[in-house]
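The values are calculated or read from the model by the stated rules, or taken from the named source; none is laboratory data. None of these values were measured; they are calculated from a predicted model. Don't worry about glycine lacking a Cβ; one is built from the backbone with ideal geometry, like all the others, and counts go over all protein chains shown.
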Amino acid sequence: MAKKDTPEPEPKPAKGGHGRAIVLVLAIVVITSVAILAFRTHFGGGEQGAMQTAPAIGGPFTLTDHTGKTVTDADFRGKYMLIYFGYTYCPDICPTSLSRNSDALDILGDVAKDVIPILISVDHERDTPEYLNEYRDFFHPRTVAMVGTAEQIAAVAKAYRVYYAKVQEEGAEADEYLMDHTAITYLMGPDGKFVTHFSHQVGAGKMAERLREYL
C-alpha cells in the first residue's frame with residue numbers, strides 16, 4: 001500500500017491576525033443584524049409580518065338563496081364553503097367551472113360531505129331566486145345559489161376580491177348583456193376563513209386531490 005503523504009504543517013498566522021479577523025466578523029454580524037432589523041421594521045417582520053400584510057379574502061355577507069331565504073356567512077359555520085361567483089346566463093365558463101366543482105365532490109364522495117358548493121350571482125338584474133333554483137338543479141345536489149341587491153353583491157365581491165362588470169353591445173336590448181367576472185373558486189374553512197382557491201383551468205381530478213388535503 002502506498003504510503004500517505006504527510007501533510008505539511010499550516011503556516012502560523014502573523015501576530016495579531018486572529019484579532020483582526022474577530023473584529024471583522026463582529027462588524028459583519030452587527031451590520032447584518034441592523035439590516036435584518038431594518039427590513040423587519042419596514043415590512044412587518046418575518047413570516048408574521050407577511051401574514052399580516054397579505055390581502056384578506058372573504059368576510060361577512062348577507063344574501064338571498066334560491067329558496068328566497070335570507071342567508072349569511074354564519075349559516076355555513078362548521079362546513080366548508082366552495083364558492084364560485086358567476087351567473088345563470090353565462091354561456092360557457094360558469095357551467096364548466098360549476099360542473100367541475102360538482103365532479104370533484106362526486107369523486108370524493110362522503111369525504112366531502114361537509115363541503116357546500118355555492119354559487120353567488122353577480123347578475124342581480126336577471127338572476128331571481130326562481131332562476132337560481134332551476135339553474136342549480138344542473139349541478140351538485142348540495143349546491144346553494146345566492147343573489148342579492150346591487151349593494152350586497154358589491155360588498156361580497158369586494159370581500160372576496162372578485163371583479164365583475166356588465167358587458168353590453170351598443171344597440172342591444174336592456175336584458176341582452178354578458179357579465180365579465182373573475183373565474184375562481186374559493187375554499188373557505190369551517191371557521192369562515194380562506195383556505196385556498198382553484199383557477200378555472202384546474203381539472204376535477206386535481207381539484208379532488210387538493211380538497212382531500214384539507215378535509
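General observations
- Some residue of the range 136-145 being basic (K, R), buried (at least 20 other Cβ atoms within 10 Å of the Cβ), more than 20 Å from G58 (Cα to Cα) and out of contact with any helix residue (DSSP H, G or I) (no Cβ under 8 Å at 6 or more places or on another chain): yes
- Considering the conditions (1) of a type in the set (S, T, Y); (2) without any contact (Cβ under 8 Å) to a residue 40 or more places away in the chain; (3) touching a Ser or Thr at 6+ places or on another chain (Cβ under 7 Å), T185 is excluded by exactly one of them, (2).
- In summary, T128 fulfils each of the numbered conditions (1) touching a residue at least 60 places away in the same chain (Cβ under 8 Å); (2) more than 18 Å from the chain's Cα centre (by Cα) with the single exception of condition (1).
- Being in contact (Cβ under 8 Å) with a residue 40 or more places away in the chain, more than 15 Å from the chain's Cα centre (by Cα), more than 21 Å from T67 (Cβ to Cβ) and in the same structural domain as T67 (by TED's automatic domain parsing) is a condition met by no residue of the range 131-148.
- Every listed requirement among (1) charged (D, E, K, R); (2) touching a Phe, Trp or Tyr at 6+ places or on another chain (Cβ under 8 Å); (3) under 21 Å from A208 (Cα atoms) is met by D123 save one, (3).
- Flag if A157 is surrounded by 13 or more Cβ atoms within 10 Å (Cβ to Cβ) and assigned by TED's automatic domain parsing to the domain that holds D191: yes
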